[in-house]
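Since every read-out is calculated from the coordinates, none of them should be taken as a lab result. Owing to the predicted nature of the structure, the values given are computational and were not obtained by experimental measurement. Note that we place each Cβ from the backbone using ideal geometry, even for glycine, and neighbour counts take in every protein chain shown.
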Ligand code: NAD
């Protein structure tokens, strides 16, 4: 049976990668989905078409908004609620990264990444909370974190901090709103085949190097993350809050210890 029948869901950054796969998976599970994008309406419309194909009875809309801008976040929620009637689930998926030695990092670049990944995620969560509390909805808020929530990422300090902060954001909101029936959780993906990894996914040598570090020996697919979001959004996860579920092929298991090198 569909896990999310009749639920109204907003997925941010849903025109590509994990967000797109999540929007389609939620449609397959019976949800109505608001598909946020900030760049290409064409890409978002393609995701909407895939959702329609997967589940023709669902309602889907695309909404342009930059999650780092408060006015656009408010407009996005207003549009989703006006079109779908209400919201039950928010998937905070939007995220960006850029490489730079930390000593050379410009503050504008530091801010840009935190503004999308952490401040933007909080602003969306806050709007969802306001909506859930006003209606008495036992809603669900989900974050797309990363293995870098717990594994440091040299050259990507602002990304690493943003995901580390997301762990505490998940736990703090979960604790603050648990008594009102609102659940807050995160998924921590490992290396997934999406546009954020264009630097290596189509280069067999670089991809082999990445995959050599993953205990399961391969990068993951967006659908393997989308399925965890679908589980966490559903009543199958009714007693789970404040957790990050790592879906990473074993990357968080200290792969360097695969063979014994210490006594
Ligand atoms: P992606 O680049 O395809 O997706 C990121 C999405 O965020 C894009 O659709 C982009 O348009 C959107 N976005 C960027 N800035 C935005 C803004 N200001 N407002 C609204 N949307 C914005 O890559 P992805 O891998 O699908 O990334 C999705 C999430 O997964 C990110 O939060 C990323 O950190 C996380 N993640 C990805 C991996 C991986 O290996 N692919 C691993 C761990 C975590």
With every atom except the alpha carbons ignored, what do you get for Rg and Dmax of the stretch 1-60, in angstroms? 10.2, 35
Inverse mean reciprocal Cα-Cα distance (Kirkwood Rh) of the stretch 148-191, Å: 11.4 Å
Could you please state, rounded to a whole Å, how far the C-alpha centre of the stretch 65-113 is from the C-alpha centre of the stretch 180-237? 20 Å
Once label points are set 7 Å from the Cα along Cα→Cβ at both residue 176 and residue 257, what is their separation, rounded to one decimal in nm? 3.4 nm
The stretch 106-179, relative contact order in percent, only Cα pairs under 8 angstrom and at least six apart counted: 35 percent
Hey, quick one: spin label on residue 98, modelled 7 Å out along Cα-Cβ, who in the stretch 146-169 has an amide N within reach, i.e. under 19 Å? 153-163
How large is the Kirkwood hydrodynamic radius of the stretch 37-138, in angstrom, based on all distinct alpha carbon pairs? 15.4 Å
For peptides 112-120, 206-214, sequence by mean Cβ density within 10 Å, most packed first: 112-120, 206-214
For the Cα atoms of the chain, what angle does the longest principal axis make with the long axis of helix 222-233, in degrees from 0 to 90, nearest 10? 50 degrees
Using mean Cβ contacts within 10 Å as the protection proxy, how do 175-184, 95-104 order, highest first? 175-184, 95-104
Considering the Cα positions of the chain, please state its Rg to one decimal place and its Dmax as a whole number of Å. 18.0, 62
Could the peptides 235-244, 44-53 be put in order, highest first, of the mean number of other beta-carbon atoms found within 10 Å of their residues? 44-53, 235-244
Counting pairs of alpha carbon atoms under 8 Å apart in space and at least six apart in sequence, what relative contact order in percent does the stretch 15-155 give? 22 percent
